[in-house]
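I have placed the structure first, in the form of structure tokens, so that the comments after it can refer back to it.
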Amino acid sequence: MNETIRAREVRAVFPDGTSEIMPTPAAVRKAQDLGLDLVLVSPTAVPPVAKAIDYGQYQYEMKKKQHDAKKKQHVVQVKELKFRPNTDDHDYDFKKNHAIRFLQEGNRVKAVVQFRGREIAHTDLGRKLLLRFAEDLVTYGAVDGTPRMEGRNAHILISPVKAVVKAATPKEKQPHSEKPQAQPAQQSAPPAPPQA
């Protein structure tokens, strides 16, 4: 900015829209005559581009742009789901649905099978469970490698597929079809007891 610009000449852009190539000291003087600062906006261009603007306002706009860019970016997280070698089908389905939701949100899923005690002798059960899990999620995510053992845990990593878009279409209420109401059955009166 101003005197700290080291280039000999710059392409100076002024608020009225004019731009001209001139020596840096002359461009700084002209910007200061207008009550503005000369700020280098494109140092890699030949010659470098400098704008005559209010430096405080320039800083404010740059911070605002960075803040907006941060808001829009999606941070990919790794969501971890833990299983045991003998996980029941209901629990498996429950965790599979969580994994589908995580993948649709754009996050990665790490499925971990924990072996405790003597379960470590049956690592093949954990490997089968992870392969089944990866196969069930093939439409939602791509598997990164094969199941790996780390200590007493086996894990697999699944990344979301780019083409998966969350189907967030609201369900339209369908008119209820009028069902004919069943006529109450005519009950016949019980036979009267014989009178004596």
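The values are calculated or read from the model by the stated rules, or taken from the named source; none is laboratory data. For clarity, every value in this text was computed on a predicted model and none was experimentally measured. When we count neighbours, we look across all protein chains shown, and the Cβ atoms used for this are built from the backbone with ideal geometry, even at glycine.
Residue count for segment 20-34, restricted to those that are surrounded by fewer than 17 Cβ atoms within 10 Å (Cβ to Cβ) and in contact (Cβ under 8 Å) with a residue 24 or more places away in the chain: 2.
Taking residues in segment 93-122 that are in contact (Cβ under 8 Å) with a residue 12 or more places away in the chain and closer than 20 Å to residue 147 by Cα, and partners anywhere that are of a type in the set (S, T, N, Q) and in a strand (DSSP E or B), the pairs with Cβ atoms closer than 9 Å and at least 6 places apart or on different chains are 103/159; 108/159; 109/159; 112/153; 113/153; 114/153; 115/153.
Looking at segment 49-68, which of the residues that are assigned to a helix (DSSP H, G or I) and of a type in the set (D, E, K, R) is farthest from residue 20 (Cα to Cα)? Only one residue fits best here, namely 68. Here is a check on your reading of the model: is residue 96 surrounded by 10 or more Cβ atoms within 10 Å (Cβ to Cβ) and not in a helix (DSSP H, G or I)? So residue 96 fails the test.
Quick check on segment 104-142: of everything there that is farther than 14 Å from residue 83 by Cα and among the aliphatic types (A, V, I, L, M), which residue is surrounded by the fewest Cβ atoms within 10 Å (Cβ to Cβ)? Ranking the candidates gives 121 first. Scanning segment 133-159 for residues that are without any contact (Cβ under 8 Å) to a residue 12 or more places away in the chain and assigned to a helix (DSSP H, G or I) turns up just one, 135. Any residue that is over 30 Å from residue 34 (Cα atoms) and of a type in the set (Ser, Thr, Tyr) - is there at least one of those in segment 50-63? No, that holds for no residue.
Just a yes or no: is a residue in segment 40-57 basic (Lys, Arg), modelled with pLDDT under 85 and within 40 Å of the chain's Cα centre (by Cα)? Can you show your working first?
Residues of segment 40-57 basic (Lys, Arg): 51.
Going one step further and asking which of them are modelled with pLDDT under 85, we end up with none.
Checked against the condition, which is being basic (Lys, Arg), modelled with pLDDT under 85 and within 40 Å of the chain's Cα centre (by Cα), segment 40-57 yields no hits at all.
Here residue 145 meets the list (1) at pLDDT below 85; (2) among the small types (Gly, Ala, Ser); (3) surrounded by 12 or more Cβ atoms within 10 Å (Cβ to Cβ) almost entirely, failing just condition (3). Scanning segment 104-132 for residues that are in a loop (DSSP other than H, G, I, E, B) and within 19 Å of residue 143 (Cα to Cα) turns up 105, 106, 107.
Give the number of residues within segment 7-19 that are assigned to a loop (DSSP other than H, G, I, E, B) and in contact (Cβ under 8 Å) with a residue 12 or more places away in the chain.
Taking segment 7-19 first, the residues assigned to a loop (DSSP other than H, G, I, E, B) are 7-8, 14-18.
Add one more test, that the residue is in contact (Cβ under 8 Å) with a residue 12 or more places away in the chain, and what stays is 7-8, 14-15.
So the answer is 4.
For segment 1-26, give me the residue count where each residue is of a type in the set (A, V, I, L, M, F, W, C) and under 20 Å from residue 59 (Cβ atoms). Within segment 1-26, residues that are of a type in the set (A, V, I, L, M, F, W, C) and under 20 Å from residue 59 (Cβ atoms) number 6.
Taken over segment 55-92, the criterion of being farther than 17 Å from residue 154 by Cβ and touching a helix residue (DSSP H, G or I) at 6+ places or on another chain (Cβ under 9 Å) is satisfied by 55, 77, 79.
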